[in-house]
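None of the figures in this text is laboratory data; all of them are computed from the coordinates on show. Everything numeric here is computed off the predicted structure, so don't read it as measured data.
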Amino acid sequence: MIRLENVSKTYFTEKGAFQAVTAMNLSVEEGDIYGIIGFSGAGKSTLLRMINLLERPTHGKVIVDGKDLTSLSPRELRRVRQSIGMIFQHFHLLSNRTVAENVEFALEISKIGKKERQERVQELLHVVGLESKASSYPSRLSGGQKQRVAIARALANRPKVLLCDEPTSALDPQTTTSILSLLQEINRIYKVTILLVTHEMEVVKTICNKVAVMENGHLIEELHLADKPISV
Ligand code: ADP
Ligand code: ADP
């Protein structure tokens with residue numbers, strides 16, 4: 001579902017060139033919950049952001065669902081990006097929109113009719129357990145609830161892939177467990193392939209079936225933990 005071929009990323013700054021990711025090869029299969037673990041600065045976030053081309057690789061190919069994203073026109077890329085959802089450590093919700101509007105917003109961009117939009121928002125809020133908060137603003141929610149909204153929003157366009165950048169790093173252990181089991185449920189119900197980066201070993205051990213370890217921009221080890229995502 002996701003294949004990286006010899007992918008490198010060099011950032012050019014005033015201080016000179018810095019290679020954040022070096023010649024990485026990675027293969028994530030459909031249905032995997034794949035973890036990438038490493039210390040801060042290892043290049044995990046850069047790697048994840050190259051998978052939807054939020055960052056463009058300096059070298060190499062990024063193939064998602066059979067398409068080489070680095071070769072697409074801007075228009076084709078916009079379409080393919082809809083099949084890739086993303087969530088962040090700090091949620092990135094729109095503070096001036098309600099929970100339901102945050103989820104619906106993702107669908108307005110993709111020009112889906114009002115009725116279908118509202119049905120999908122309802123379904124997703126049900127799946128993440130936040131129907132009762134549909135009209136609340138993000139500032140009224142706990143961290144775990146905010147991440148649930150972000151997950152609903154990321155799933156709005158029915159993506160095949162969900163990219164998770166430190167999804168539980170801002171959450172307490174109990175909330176972390178509940179978000180991880182939600183991610184697992186989503187993997188199962190919607191058949192979404194999940195690629196998750198984290199510095200927390202516990203997260204990887206809880207839900208991932210495969211793990212890659214990153215250090216200084218290199219993939220140094222890959223472990224196969226189970227054939228299928230592990231059940232919590
Ligand atoms: P991680 O997610 O593992 O913490 P990052 O991918 O965020 O790692 O960062 C990897 C390295 O690349 C770090 O040294 C970071 O300072 C550097 N870096 C990240 N983004 C940029 C950028 N936009 N410009 C320059 N350097 C960057
Ligand atoms: P995290 O929540 O994963 O720690 P950061 O706060 O480090 O994320 O932000 C990662 C990058 O994404 C930053 O450069 C930030 O400006 C950018 N960003 C902020 N909001 C969004 C958004 N809604 N979608 C995509 N990228 C965003």
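Contact order normalised by length for region 72-177, with contacts defined as Cα pairs under 8 Å and 6 or more residues apart; what percent is it?
Working: 134 pairs, mean separation 48.1, N = 106.
Result for region 72-177 is 45 percent.
Taken along its three principal axes, the alpha carbon spread of region 133-232 comes to 45, 26, 25 Å, from the longest extent down to the shortest. Against the chain, whose longest principal axis is taken from its Cα atoms, helix 173-189 shows a tilt of about 90°.
Between the Cα long axis of helix 99-109 and the first principal axis of the chain there is an angle of about 60°, rounded to the nearest 10. Each listed q (0.13, 0.14, 0.15 Å⁻¹) maps to a log10 I(q)/I(0) for the chain, found by the Debye formula over equal Cα scatterers with no solvent: -0.77, -0.89, -1.02.
In region 190-232, the C-alpha radius of gyration followed by the widest Cα-Cα span (Dmax) gives 11.0, 34 angstrom. Which of 111/210; 15/210; 111/160; 9/160 have a Cα-Cα distance over 27 Å? Check vs 27 Å cut-off fails for 111/210; 15/210. Largest first, the three principal axis extents of the alpha carbons in region 22-126 are 45, 32, 27 Å in whole numbers.
Can you check what the Kirkwood hydrodynamic radius comes to for region 1-48, Cα pairs only, in Å to one decimal? Kindly include the intermediate steps, with their values, before the conclusion.
Numbers: mean 1/r = 0.0826 Å⁻¹.
The Cα-based Kirkwood calculation yields 12.1 Å.
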